[in-house]
Amino acid sequence: MLIEEAILGRQSVKVFDPKPVPPELIQRCLTLAVWAPNHHLTEPWHFTVVSGAARTVLADAVHDDLTQGVSSLNALSAEAKALKERRKLHSAPVLIAVYSTLGSNAQQTQENYAATAAAVQNLLLSAHGFGLGAIWRTGAIYHGPAVRTLLQSPEGSVFVGTVFLGYSAQRDIRRHRSPVSHHTVWLGDGSTGDSESQTIGGDPL
Ligand SMILES: Cc1cc2nc3c(=O)[nH]c(=O)nc-3n(C[C@H](O)[C@H](O)[C@H](O)COP(=O)(O)O)c2cc1C
């Protein structure tokens, strides 16, 4: 797959076929993920792969975090939120939670986060290249103590995202980016004068 085809063809997938993903394929995505650029080669990424029945264990931990210490007044809404999260966690056959380890100072922690974010993009592109669909999701649930313990996230690590992974059951979505010239300054020669926004995929509006 050509690089442009890979980058433009990837899209966030929210609707998955329940068909399981072969572990070897998940492993190949992770193996490619860690070839992200990484200052001082700190290798700051931590991945926890949650699949099949383990999603229920994760949903139970989310439930514990959301309902722990909640007053009886708020118990119903906490239960409703936990149920909503449980359904979401079962929407994809595989979830890969990604945390970034702390650096020895604030700058290194930030650079670790950047490297781990680059690894997540590698993961998304690899999944796309192997015919899988994926989406990068975030959420407060991944910060809870029961969830962090279950996912074995390193002490003090920063949550970067959870990649929901599986075979896509989603139709091609129309995606849009504004002209890159709106976000670019050229110093010296070389501006191509690009002023076109880009829209790809999906049905015409
Ligand atoms: C850091 C980060 C967090 C995201 N969190 C969520 C999320 O919680 N829920 C969600 O539906 N999409 C989430 N996304 C996916 C974006 O919504 C998606 O990338 C955006 O709509 C552009 O669509 P595309 O990926 O198909 O180009 C997140 C993306 C990033 C980079």
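Where a number appears in this text, it was derived from the coordinates with a stated rule and is not lab data. Computed from a prediction, not measured in an experiment: that's the story for all the values here. Positions of Cβ are backbone-derived with ideal geometry, glycine not excepted, and every protein chain shown enters the neighbour counts.
Applying the condition of being within 25 Å of residue 69 (Cβ to Cβ) and within 15 Å of the ligand (Cβ to nearest atom) to the stretch 152-175 and asking which residue is surrounded by the most Cβ atoms within 10 Å (Cβ to Cβ) yields 162. Scan the stretch 12-38 for residues that are without any contact (Cβ under 8 Å) to a residue 12 or more places away in the chain and acidic (Asp, Glu) and the total you get is 1. Taking the criterion of being within 16 Å of the ligand (Cβ to nearest atom) and either assigned to a strand (DSSP E or B) or polar (S, T, N, Q) (or both), the residues of the stretch 1-25 that qualify are 11, 12, 16.
Only a single criterion out of (1) touching a residue at least 40 places away in the same chain (Cβ under 8 Å); (2) surrounded by 14 or more Cβ atoms within 10 Å (Cβ to Cβ) is not satisfied by residue 149, namely (2).
Of the residues 70, 94, which single one is surrounded by 13 or more Cβ atoms within 10 Å (Cβ to Cβ), hydrophobic (A, V, I, L, M, F, W, C) and either within 30 Å of residue 4 (Cα to Cα) or touching a residue at least 60 places away in the same chain (Cβ under 8 Å) (or both)? Full working, then the answer.
On the way: 70 fails: either within 30 Å of residue 4 (Cα to Cα) or touching a residue at least 60 places away in the same chain (Cβ under 8 Å) (or both).
Exactly one of 70, 94 is surrounded by 13 or more Cβ atoms within 10 Å (Cβ to Cβ), hydrophobic (A, V, I, L, M, F, W, C) and either within 30 Å of residue 4 (Cα to Cα) or touching a residue at least 60 places away in the same chain (Cβ under 8 Å) (or both), namely 94.
Residue-level analysis places residue 56 outside the set of residues that are within 14 Å of the ligand (Cβ to nearest atom), within 22 Å of residue 168 (Cα to Cα) and surrounded by fewer than 18 Cβ atoms within 10 Å (Cβ to Cβ).
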